[in-house]
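Reviewing the structure listed below.
We did not get these values from a lab; they are worked out from the coordinates using the rules stated. Being a predicted model, the structure only gives us computed values, none of them experimental. Here the Cβ positions follow ideal geometry from the backbone for every residue, glycine too, while neighbour counts run over all protein chains shown.
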Amino acid sequence: MKTHAQRVWMVDTTLRDGEQAPGVFFRPLEKLTIASRLAECGVDEIEAGIPAMGESACKEIEAIARLNLPTMLTSWCRAVKKDIELAVGCNTPGVHISFPTSSILLKTFEKDENWVLGTLDDTVRFARQYFDQVSVGAQDATRTDMEFLLRFCQRSMALGVHRVRLADTVGMITPSALMDMIETLLIRLPGLALEFHGHNDLGMATANAVSAVDAGAKAISVTVNGLGERAGNAPLEETAMALFGIGARKSKMRLSGLTRLCNTVARYSGQQIHPAKPIVGSRIFSHESGIHCAGLLKNRQSYELYDPKQVGRCSTRQMVLGVHSGSAAIMHALAHRNIRIDADAAQKLLPRVRAAAAGTNKPVSPELLESIYHRTLCTGH
């Protein structure tokens, strides 16, 4: 991928949208730790919470603000003046105001398009008196009539908002459709600063986030481990690696802190990381296939996209001995136990290693492998 001059602004909403995942609750000290680790990773903006949730939420947001982290802090508000007044007391330099824009949500909340545009004027004018940064969000933007979405964005620009967030609230859009939407908006409204907030209901949140940037979005809203309602949000760690670790997008993100950050959020949220979870899953650098193991022993890049150390993983790859293993992996595993054998000897061990793995439906441990070696090659059995 060629180098891109435009830096991507990363907005993390783990402490707001992530905590809305059913059963997830972060204690005050945990929120401070998460915010600190997000800042250590170079996240540009942290959505610290929802002041309208009450006095305790306001105190928690204020406590994060007192950390003086090197990142923009924002409070999330509904399109209600009282919410914004509460946010003023939380001392965050930024505020985000969210509006329902699709016909489905407008009907649900018994509002109409005129209400949206009128309230947009009132709330943004009020918020700009108190906040350095004011962004607005179009809830359910991906199911919003394009002409109305254009009017919403145009009015937002005229009011001087910092960014307009396009929320794929039910995770229904595809990368190609999202790119069409963003490109249409930017063609019709040059200079519009867009942010994309994706949900993962169809498993496309990461792809949509990357596609949004490719189409011209300046900011991406994410959560650690993809934590969030229903199937979750675009995961910070996946999006960051795709854009900055593998791609050539510019960012101040420090990817080496991702593993620590993700493990911290998993522990505090009580939501375990799946072993095969991209970037931080426990087994994503484990290999069993004979072809893969043989290739990796010659060239790490043959079957691994990036070095585990790039995302702060202490452990390196692991070659698992199982029913799909080949002789190269057996030779490698025995060498780690100071036993050197040639390819012919490894071929003799291979059927017994595979049989042992099939019999227990588990990988063959180094100890069992050495036992098989002694029984097969050293005693002649």
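Using the crude model of +1 on Lys and Arg Cβ and -1 on Asp and Glu Cβ, and no other charge, please compute the dipole size for the chain relative to its Cα centre, in debye to 20.
1300 debye
In degrees from 0 to 90, rounded to the nearest 10, what is the angle of the helix 343-360 Cα long axis to the longest principal axis of the chain?
Orientation of helix 343-360: about 60 degrees from the principal axis.
Return one number: the angle in degrees, 0 to 90 and rounded to the nearest 10, between the long axis of the Cα atoms of helix 113-127 and the longest principal axis of the Cα atoms of the chain.
Taking Cα atoms only, the helix is inclined about 90 degrees.
Compute the FRET efficiency between LEU202 and ASN68 as 1/(1 + (r/R0)^6), taking r as their Cβ-Cβ distance and R0 = 41 Å, and round to the nearest 0.05.
Once rounded, the FRET efficiency stands at 0.55.
Could you name the lysines whose alpha carbon sits less than 26 Å from that of LYS111, not counting residues in the same chain fewer than 8 places away?
LYS81, LYS82
Go ahead and set up a Gaussian network model of the chain, Cα springs under 10 Å, then flag whichever of ASN114, ASN225, ASN233 fluctuates most.
Checking each option, the largest mean-square fluctuation is seen for ASN114.
If you fit an axis through the alpha-carbon atoms of helix 55-66 and take the longest principal axis of the Cα set of the chain, what angle between them do you get, 0 to 90°, nearest 10?
Between the helix axis and the principal axis of the chain, the angle is about 70 degrees.
By how many nm would the segment from SER56 to THR360 grow when fully extended, if each residue of separation counts as 0.36 nm and the alpha-carbon distance is taken off?
Computed gain between SER56 and THR360 is 104.2 nm.
Starting from 0.36 nm per residue, how many nanometres of slack lie between THR174 and GLU40 once their C-alpha separation is accounted for? Before the final figure, lay out each step's value.
Numbers: separation 134, 0.36 × 134 = 48.24 nm, distance 3.21 nm.
Taking THR174 through GLU40 to full extension adds about 45.0 nm, to one decimal.
If you work out Rg and Dmax of the Cα atoms in Å from the coordinates, which of [x] 23.4, 71; [y] 19.3, 61; [z] 25.3, 87 do you get?
Identified label for the calculated read-out: [z].
Taking springs between alpha-carbon atoms closer than 10 angstrom, which of HIS336, HIS324, HIS199 fluctuates most in the Gaussian network model of the chain?
HIS336
Please arrange TRP115, TRP9 by how many other C-beta atoms lie within 10 Å of their C-beta, fewest to most.
Numbers: TRP115 15, TRP9 20.
Listed from fewest to most nearby Cβ atoms, that is TRP115, TRP9.
Between GLU370 and SER103, what FRET efficiency comes out of the Förster formula 1/(1 + (r/R0)^6) with R0 = 56 Å and r the beta carbon distance, rounded to 0.05?
0.25
Calculate, for HIS274 and ASP112, the FRET efficiency according to 1/(1 + (r/R0)^6) with r their C-beta to C-beta distance and R0 51 Å; round to the nearest 0.05.
Once rounded, the FRET efficiency stands at 0.75.
Mind checking the full-extension length gain between LEU150 and ARG254? Use 0.36 nm per residue of separation minus the Cα-Cα distance, one decimal, nm.
Length gained between LEU150 and ARG254: 33.9 nm.
Can you sort SER156, SER98, SER56 from fewest to most other Cβ atoms within 10 Å of each residue's own Cβ?
Final ranking by Cβ density, sparse to dense: SER56, SER98, SER156.
Using the basic label-point model (7 angstrom from Cα toward the beta carbon), what is the VAL80 to VAL323 distance in nanometres?
5.7 nm
For each of ILE104, ILE187, ILE279, count neighbouring Cβ atoms within 10 Å of the residue's Cβ, then give the residues from fewest to most. Mind dumping the intermediate values first?
Values: ILE104 15, ILE187 10, ILE279 26.
By the 10 Å Cβ count, ascending, the order reads ILE187, ILE104, ILE279.
Using amide H atoms built in the peptide plane, which far-off residues or other-chain residues are under 5 Å from ILE46 H to H?
Distant-sequence amide H within range of ILE46: ASP12, MET72, LEU73, THR74.
As a test of the formula, what do you get for the chain when each DSSP H run with n ≥ 4 contributes -39,500 (n - 2.57) and the sum is divided by the residue count, at 222 nm and rounded to the nearest 500 deg cm²/dmol?
When only DSSP H runs of four or more count, the value is -12000 deg cm²/dmol.
With springs only between Cα atoms under 10 Å, which of LEU166, LEU15, LEU349 fluctuates most in a Gaussian network model of the chain?
Maximum fluctuation in the GNM of the chain, among the listed residues, is at LEU349.
Do you know the relative contact order of region 9-269, to the nearest whole percent, from alpha carbon pairs under 8 angstrom that are 6+ apart?
Answer for region 9-269 is 21 percent.
Less than 11 Å from a label point 7 Å out along the Cα-to-Cβ axis of GLU183: which backbone N atoms in region 204-232 qualify, by residue?
Output list for this probe position: 215-216.
Please list, ordered by chain and number, the residues whose modelled amide H lies under 5 Å from the amide H of ARG165; skip anything fewer than 5 residues away on the same chain.
Hits under the 5 Å cutoff: VAL136, GLY137, ALA138, GLU195.
Among the GluC sites (Glu not before Pro) within region 37-141, which fall in a DSSP loop and have no more than 12 other Cβ atoms within 10 Å of their own Cβ? The partial results should precede the final answer.
Details: sites: GLU40, GLU45, GLU47, GLU55, GLU60, GLU62, GLU85, GLU110, GLU113; in loops: GLU110.
Counting only loop positions with at most 12 other Cβ atoms within 10 Å, the GluC sites (Glu not before Pro) in region 37-141 are GLU110.
Near the amide H of TRP9, under 5 Å away, which other amide H atoms are found, from residues 5 or more places off or on another chain, if H is placed in the peptide plane?
ALA219, ILE220
What distance in nm separates the simple spin-label points at ALA231 and ASN338, each placed 7 Å from Cα in the Cβ direction?
That separation, rounded to one decimal, is 5.2 nm.
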